[in-house]
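> I am attaching a structure below and will ask some questions about it afterwards.
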Amino acid sequence: MALLFSSKWDDPERWRRAFAELMPGLDMRVWPDTGPVEEIEFALVWAPKRGELRRFPNLRFIASIGAGVEHILRDPDLPNGVPIVRVVDRVLTSRMSEYVLAAVLRHHRNLDVYERLQRERRWEKLPPRDAARRRAGVLGLGVLGSDAARRLAALGFDVAGWSRSPKAVDGVAGFHGPEGLEPLLRRTEVLVCLLPLTDETRGILDARTLALLPPGAAVVNAARGEHVVDADLIAALDSGHLSGATLDVFDKEPLPADHPFWRHDKVLVTPHVASLTDERSAAPQIVENIRRARAGDPLLNAVDRAAGY
Ligand code: NDP
Ligand code: OXD
């Protein structure tokens, strides 16, 4: 029996090396060279093609190469009843928090403004701001959002977070549910999006919600491009309502060369690198899930298909 690897963005050989140390007998096949379809028992994928996974009648689980799973769930022909698991990993979490801290500090310390001033050779001192009086807000208090929120609080920011169900994170003011979104946005000067992409969260950052942020607020999106309505974000930046945005994820990736984000002087674009999965760190949980699936034990990091994350 074999594991299918399918991703046009990730290097299968790195994963093969990581598995070789942990499970030397694992037969890894790389899409589209799958061999007989009935031999595929496990799939490790990023953005599989529509109908791809339905070809394998003996699949025991589908593992996302990353933390998000919308790239799997969006397949209308996804086989029913096959569990989906995702990566929950210390390295992935730390990398994301580093990105969030870097982006929030860049806005907080006006580094984005100083970059613009430097281009104009202007020696101008902006008034310093105190982190304790700076309100950061994190949308999504899951594995990644709660770690980032905790670390922002440890830096001294006044932090709040938003989740679907009530969540207690040390040092972080909690808001939840649809009714919790508006008060969180109204108090947030640097907003970080770390939500999963679901029917409920698609387009959540639009003209209406961005207008609830106080004037001068900044936005960091490290979740998914579809969380943001691009034209509404650009309008809020152009009107001066928002001071800046740091964007790691986009509706279409790679970001098309003619997209206005590339040349917007208030936008920092990074190419979906906020937190790349480290295969050496993540492979053990895939191997453990293979063991569990074979033993009939509950899988690690299983996704709730109905909730979409
Ligand atoms: P989790 O599933 O651990 O957490 C999701 C959080 O979002 C939970 O707190 C959940 O609430 C909350 N949430 C979900 N739906 C809603 C809603 N409708 N209203 C309010 N809150 C909601 O996910 P992770 O933290 O592991 O990852 C988050 C996302 O980050 C991934 O889905 C992925 O898209 C993105 N990501 C991006 C990367 C990059 O490099 N740019 C790398 C890795 C991930 P509750 O706690 O109540 O369930
Ligand atoms: C992920 C990602 O979901 O890399 O892990 O975006």
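The values are calculated or read from the model by the stated rules, or taken from the named source; none is laboratory data. This is a predicted model, so every value here is computed, not measured. Reconstructed Cβ throughout: ideal geometry from the backbone, glycine too, with neighbour counts over all protein chains shown. When the accessible area is computed, the model is the full protein with side chains, heavy atoms only, and any ligands, DNA or RNA have been set aside. Shrake-Rupley method; radii C 1.70, N 1.55, O 1.52, S 1.80 Å.
> Given axes a ≥ b ≥ c from the Cα gyration tensor, I'd like to know whether the range 1-101 is rounded (a/c under 1.5), prolate (a/b larger than b/c) or oblate.
Note, shape of the range 1-101 comes out oblate.
> Which Cα, out of Gly137, Thr277, Trp46, lies furthest along the positive dipole direction of the chain (beta carbon charges, K/R +1, D/E -1)?
Gly137
> I'd like the Karplus ³J(HN,Hα) series for the range 93-99: coefficients 6.51, -1.76, 1.60, θ = phi - 60°, whole numbers in Hz, and an x wherever there's a Gly or Pro.
With coefficients 6.51, -1.76 and 1.60, one gets 5, 5, 4, 5, 5, 4, 4 Hz.
> Counting only protein chains, not ligands or nucleic acids, how are Leu117, Leu73 ordered by accessible area (probe 1.4 Å), most first?
Largest accessible area first, the list is Leu73, Leu117.
> Continuing with the same structure: Take every Cα-Cα distance within the chain, group them into 20 Å bins from 0 onward, and report for each bin the whole-number percent of pairs it holds.
With 20 Å bins starting at 0, P(r) equals 32, 52, 16, 0.
> For Lys266, give me every one of the lysines with a C-alpha distance below 26 angstrom, ignoring sequence neighbours fewer than eight places off in its own chain.
Reachable lysines: Lys125, Lys252.
> Still on this structure: Semi-axes of the range 174-288's equivalent ellipsoid from the Cα gyration tensor, sqrt of 5 times each eigenvalue, largest first, rounded to whole Å?
26, 20, 12
> Keeping every protein chain in place, order Met28, Met23 by accessible area at 1.4 Å, biggest value first, i.e. largest first.
Met23, Met28
> Could you give me the ³J(HN,Hα) list for the range 150-167, computed from phi with Karplus coefficients 6.51, -1.76, 1.60 and θ = phi - 60°, whole Hz, x at Gly and Pro?
4, 6, 5, 5, 5, 7, x, 5, 8, 10, 10, x, 10, 9, 7, 10, x, 9
> What's the magnitude of the charge dipole for the chain around its Cα centre, counting Lys and Arg as +1 and Asp and Glu as -1 at the beta-carbon? Answer in Debye, nearest 20.
On the way: 42 positive and 43 negative charges, 147 e Å.
Magnitude of the dipole: close to 700 debye.
> Given H placed 1.01 Å from N in the peptide plane, which residues other than close sequence neighbours of Ala217 have an amide H under 5 Å from its amide H?
Ser243
> Residue by residue through the range 283-299, which ³J(HN,Hα) values in whole Hz follow from phi under the Karplus form 6.51 cos²θ - 1.76 cosθ + 1.60 (θ = phi - 60°), with glycine and proline marked x?
Ordered by residue, 3J(HN,Hα) equals 4, x, 6, 6, 4, 4, 5, 4, 4, 5, 4, 5, 8, x, 8, x, 7 Hz.
> Based on the mean of other beta carbon atoms within 10 Å per residue, what is the order of 202-214, 291-303, most packed first?
202-214, 291-303
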